[in-house]
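The values are calculated or read from the model by the stated rules, or taken from the named source; none is laboratory data. The structure displayed is predicted, hence computed values, not measured ones. So basically every Cβ, Gly included, is an ideal-geometry build from the backbone, and we count neighbours across all protein chains shown. Surface areas here come from the heavy atoms of the whole protein model, side chains and all, with no ligands, DNA or RNA. Shrake-Rupley method; radii C 1.70, N 1.55, O 1.52, S 1.80 Å.
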Amino acid sequence: MLRRLTLVLIASISTVLLSACSSGAFFLANLPVKFAGPEVHRDISYGPQLWQKLDIYLPEETSAPAPVLVFFYGGRWTFGKKEQYAFVAKTFADAGYIVVLPDYSKYPAVKFPVFVEDAAKAVAWTHDHIHLYGGDTSRFYISGHSSGAHMGALVSANPEYLKTEGKPLSIVTAFAGLAGPYDFIPEAEDLKDIFGPPNNYPNMQVPTFIRGDEPPMLLLHGADDKDVIQRNLNRLRDKIEKSGGAVEAHIYDDVDHIDMIGSLSWLLEFKAPVERDMLEFFERQSPKQ
């Protein structure tokens with residue numbers, strides 16, 4: 001009974017805080033990192049610009065090179081910072097992954113596709129250097145939430161981004177997207193400004209670049225998500241399936257947009273098995289040892 005009451009209390013507090021994307025929410029979500037977090041290498045430059053920094057979180061000592069996860073946080077292409085998502089890094093570092101959290105440029109300082117170009121640069125830098133931290137580039141995964149999932153999916157689907165950085169798309173073992181706006185038409189004025197003019201919209205829609213030979217994709221979404229509607233997942237999944245590519249999808253009941261990322265924290269881990277589904281998917285894509 002006490003455990004149940006505690007969970008109800010945590011759920012009530014976390015729902016209020018997380019719904020506002022407040023600093024209090026990130027503070028609570030990151031408490032375990034402050035007290036028992038993994039080893040972190042902070043503010044490593046992956047490019048010449050001031051914002052082109054990333055943090056690397058290491059798992060406990062392992063006897064073999066560790067799989068690598070590059071995770072892009074969301075924030076409507078306009079806000080957010082890597083330190084706020086340390087709880088995501090801890091979750092996967094505790095599972096034995098080296099986790100890389102990059103920062104990237106944002107609107108209104110830049111417009112599309114500059115932030116996706118930053119994402120590709122961070123991925124390429126990580127692939128070149130992560131062996132110095134014990135990373136295994138044969139198990140090299142990309143993920144993200146919301147606008148971060150959109151960016152990660154574009155890097156994983158459009159080979160031109162990594163080609164610009166001197167890398168083939170084949171360096172990406174698999175992609176996992178959480179509540180990504182993969183295929184939408186901007187309606188808000190700021191989004192029109194970010195991605196316009198309209199004849200440029202196909203270049204920001206992930207299905208445009210699906211050919212069937214992109215890395216396997218896991219698409220996760222909450223059935224109660226009102227911020228990014230499920231149609232985005234459906235259209236991307238349908239295009240991958242019609243093209244002969246590899247895709248899996250999970251829709252979680254009673255889960256909204258914030259719950260998706262919150263479920264990777266101790267506050268809302270009971271909301272959806274996002275961590276489990278991602279780890280199992282990555283393991284299935286892992287090359288046979």
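Mind running the shape call on segment 183-247? Use the C-alpha gyration tensor, a ≥ b ≥ c as the square roots of the eigenvalues: rounded below 1.5 for a/c, prolate if a/b tops b/c, oblate otherwise.
oblate
Compute the accessible area per residue over the chain, keeping the other protein chains in place, probe 1.4 Å, unit Å².
Result: 45 Å² of accessible area for each residue.
Using 0.36 nm per residue, how much length does the chain from residue 129 to residue 229 gain when fully extended, once their Cα-Cα distance is taken away?
Gain on extension, residue 129 to residue 229, equals 32.3 nm.
At a 10 angstrom cut-off on C-beta neighbours, averaged per residue, how do the peptides 153-160, 253-260, 120-127 rank from highest to lowest?
153-160, 120-127, 253-260
Kirkwood hydrodynamic radius, computed over distinct alpha-carbon pairs, for segment 232-289: how many Å, to one decimal?
It is 13.1 Å.
Output wanted: per-residue J couplings in Hz (rounded whole) for segment 265-280, from phi through Karplus 6.51 cos²θ - 1.76 cosθ + 1.60, θ = phi - 60°, x for Gly and Pro.
Each residue of segment 265-280 in turn: 10, 5, 5, 10, 4, 7, 6, 7, x, 5, 4, 4, 5, 5, 5, 5 Hz.
Rounded, prolate or oblate: which fits segment 84-128 when a ≥ b ≥ c are the square roots of the eigenvalues of the alpha-carbon gyration tensor, with rounded for a/c under 1.5 and prolate only if a/b beats b/c?
oblate
Label residue 64 and residue 163 with points 7 Å out from Cα along Cα→Cβ: what is the distance between them in nm?
Output for this residue pair reads 3.5 nm.
What is the percent carbon and sulfur in the accessible area of the chain, measuring with a 1.4 Å probe over the protein chains and ignoring ligands?
Summing carbon and sulfur atoms, their accessible area is 54 percent of the total for the chain.
Counting each pair of different Cα atoms once, what's the Kirkwood radius of the chain in Å, rounded to one decimal?
It works out to 19.0 Å.
Straight-line reach from residue 111: which lysines have a Cα under 24 Å away, not including same-chain ones fewer than 8 places off?
53, 81, 82, 121, 163, 167, 192
Give me the one-decimal nm value for the distance between modelled label points at residue 190 and residue 39, 7 Å along each residue's Cα-to-Cβ direction.
Label at residue 190, label at residue 39, 4.0 nm between them.
Kindly provide the Kirkwood hydrodynamic radius of segment 140-261 in Å, to one decimal, from all pairs of distinct alpha carbon atoms.
After inverting the pairwise mean of 1/r, the radius is 14.5 Å.
Using a cut-off of under 17 Å, list every residue of segment 100-137 whose amide N is near the label point 7 Å from the Cα of residue 51 along the Cα-to-beta-carbon line.
Backbone N within reach: 101-123.
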